[in-house]
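The structure appears right after this line, and notes come after that.
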């Protein structure tokens, strides 16, 4: 049976409205090769256009005058105001979105749904409505349109969305929902049982996981932990990775010719480190000079858990029963932490007079 895949608004927003990532291109090419139909509803299209404007406007309008001047020079723009720049950048991203729809034949279908069913969901506070999210009419219209399309055409449909409110509705209405395009790509790739490279991959998967954990751990010097949770400076030292959990592994590409499998991984990493900072309880302030004085210093042993995403290639050699990890990329390696009892494992205090301007 031919697959039908619907895309939600957050698919495009998560990609930052730039669809040239390896992950996104792999998904689109697999759908193209397998003649898989991609759909969005008219509501999703309208939401994407709105989110483009909102994201750009929020980013540009909050830039102070000095940094905005630097931005204009870096973009090699002539004298241009914030509003005009917002409109110019929005038009570029809207054009990219329109080109994506055209190039990959993503069909836009008009909203068509049972209005009584929409009202029932609202008044009964059923998914995607909830007590916290009472006005989810766009999501409800998207879901009911997808449901009616599936029933009318007697076709099984898939939805890619990370919206938790949509998940419950889909589970109750026979719509298969996947959180990210990498999840869908993984399904499409791994359903081919005749792929020998894939068979070897699954055979040594435990070894692959251990190698990935070792590789991520070896990169501990690349991670940065910081905090704004103090009016004085916080010095961070001795950052170590204590533990790495692979929450999810998705195959996003198989290159049989090079014996290479590309992966997307959701990581949970536990860090240990030392944080030293002035003790705010011993602070006195000179209002005239705007200086804070501290009489004690804290030295804290800390642990925090953070999540991030990684992309890497696994090169497999079945004859030699060997594997190599190449081109590992971690999307976010800088994490903020907070000075609270949950994170502080051990705290020592010592006399040390210090000051800072504020």
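Please treat every number below as a calculation from the coordinates, not as lab data. Just so you know, these numbers come straight off a predicted model, no measurement behind them. Here the Cβ is made from the backbone with ideal geometry for all residues, glycine too, and neighbour counts use every protein chain on show.
Miscellaneous remarks
- Cα centroid separation, the stretch 109-180 to the stretch 320-353 (Å): 39
- Nearest-ten-degree value, helix 137-153 long axis tilted from longest Cα axis of the chain: 30
- MRE, 222 nm, helices only [DSSP H, n ≥ 4, -39500 (n - 2.57), over the chain, to nearest 500]: -12000 deg cm²/dmol
- Using alpha-carbon coordinates, inclination of helix 82-103 to the longest axis of the chain, degrees: 40
- Matching the structure-derived log10 I(q)/I(0) by the Debye sum over Cα atoms at q = 0.08, 0.15 Å⁻¹ against the labelled list (1) -0.38, -1.40; (2) -0.59, -1.29; (3) -0.41, -1.27 gives the label (2).
- Each label was represented as a point 7 Å from its Cα along the Cα-to-Cβ direction; for residue 203 and residue 15 these points are 3.6 nm apart.
- Between the alpha-carbon centres of the stretch 194-236 and the stretch 1-75 there is a gap of 27 Å.
- Contour minus Cα-Cα distance for residue 190 and residue 70 (0.36 nm per residue): 38.5 nm
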